[in-house]
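Please read the structure below before turning to the comments.
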Amino acid sequence: MTYVSHPVRGMRDDPFPDESATLLLRLAEGTDSESVAARVTDLGGEVDAELEFETLRVVVPEPIVADICELDGLDAVETDATIQIGGGDAGEDVELNDS
C-alpha cells in the first residue's frame, strides 16, 4: 500500500484545475525508475530529478495527482516540501520584543 501524505491527499481529492504540484515519488524496492518516469510522462507530468533513496521528483498538473497516487511500484507520494526541513524562513518572520 502506498503512503500518501496529507497535502497530497488534499490535491488528489480536490485538485485545482489550473495548478501544478511538485511531488516526491519514493519507489518500492525493485521498482524500475524508468518505467515509473515513463508512466508519469504518459499521464502528462514531467520528471524533474532523480533523488537519493530511490525517489523521483515530478511536476504534474493537480488533476492527475489521483492517477499518480495509483501508480504501481510506489512506497510513498509526498510534496517536495518534505525535503526542505529546516530550510524555511519561519524564524525570520518572528519579531522579538527586546523590552
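Things worth noting here:
- Total residues in the stretch 19-55, condition more than 16 Å from residue 81 (Cβ to Cβ) and touching a helix residue (DSSP H, G or I) at 6+ places or on another chain (Cβ under 8 Å): 9
- Filtered residues of the stretch 45-57 (kept if open to solvent by 50 Å² or more (accessible area, probe 1.4 Å), touching a strand residue (DSSP E or B) at 6+ places or on another chain (Cβ under 6 Å) and in a loop (DSSP other than H, G, I, E, B)): 54
The values are calculated or read from the model by the stated rules, or taken from the named source; none is laboratory data. Remember, it's a predicted structure, so these values are computed and weren't measured experimentally. Note that each Cβ is placed from the backbone with ideal geometry, even for glycine, and that neighbours are counted across all protein chains shown. For the accessible areas, the whole protein counts, side chains as well, though only heavy atoms, and no ligand, DNA or RNA atoms are used. Shrake-Rupley method; radii C 1.70, N 1.55, O 1.52, S 1.80 Å.
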